[in-house]
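The values are calculated or read from the model by the stated rules, or taken from the named source; none is laboratory data. The model shown is predicted, which means the values in this text are computed figures rather than measured ones. Cβ coordinates were reconstructed from backbone atoms using ideal geometry, including for glycine residues, and neighbour counts include every protein chain displayed. These accessible areas exclude ligands, DNA and RNA; they are computed on the full protein's heavy atoms, side chains included. Shrake-Rupley method; radii C 1.70, N 1.55, O 1.52, S 1.80 Å.
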Amino acid sequence: MTGKRIQPSDAQLEITQLKSYVGQKQNMRDTLRSLGLKRPGNKVVRTADPVTCGMVNTVAHLVKVEEVK
């Protein structure tokens, strides 16, 4: 999955931060922190609920999203 347009479901998503938030708007910095990402290379696993999907869609150009099996 590429970051943009993640749809809510019951799947588990592994979200990896690829790029730094330096130079980004404050709302994108806050969104990455809310996801639990602090620096490039960090990974978190989250359920694909509507809130998480909205956050991932906001910072789609900074993260990579994969479905965990």
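Tell me the carbon and sulfur percent of the accessible area for region 3-69, rounded to whole percent, probe radius 1.4 Å.
So the carbon and sulfur contribution to the accessible surface is 48 percent.
Modelled label-to-label distance, R5 and D30, 7 Å Cα→beta-carbon offset: nm?
For the pair R5/D30, the computed spacing is 2.8 nm.
Quick one: accessible area per residue over the chain, 1.4 Å probe, rounded to a whole number of Å²?
The answer is 62 Å² per residue.
Relative contact order for the chain using alpha-carbon pairs under 8 Å, separation at least 6, rounded to a whole percent?
56
Expressed in nm to one decimal, what extension gain is obtained for the pair L18 and N42 from 0.36 nm per residue of sequence separation less their Cα-Cα distance?
Between L18 and N42, full extension yields an extra 7.8 nm.
How far is helix 26-35 tilted, in degrees, relative to the longest principal axis of the Cα atoms in the chain, given as a value from 0 to 90 rounded to the nearest 10?
The two axes meet at around 40 degrees.
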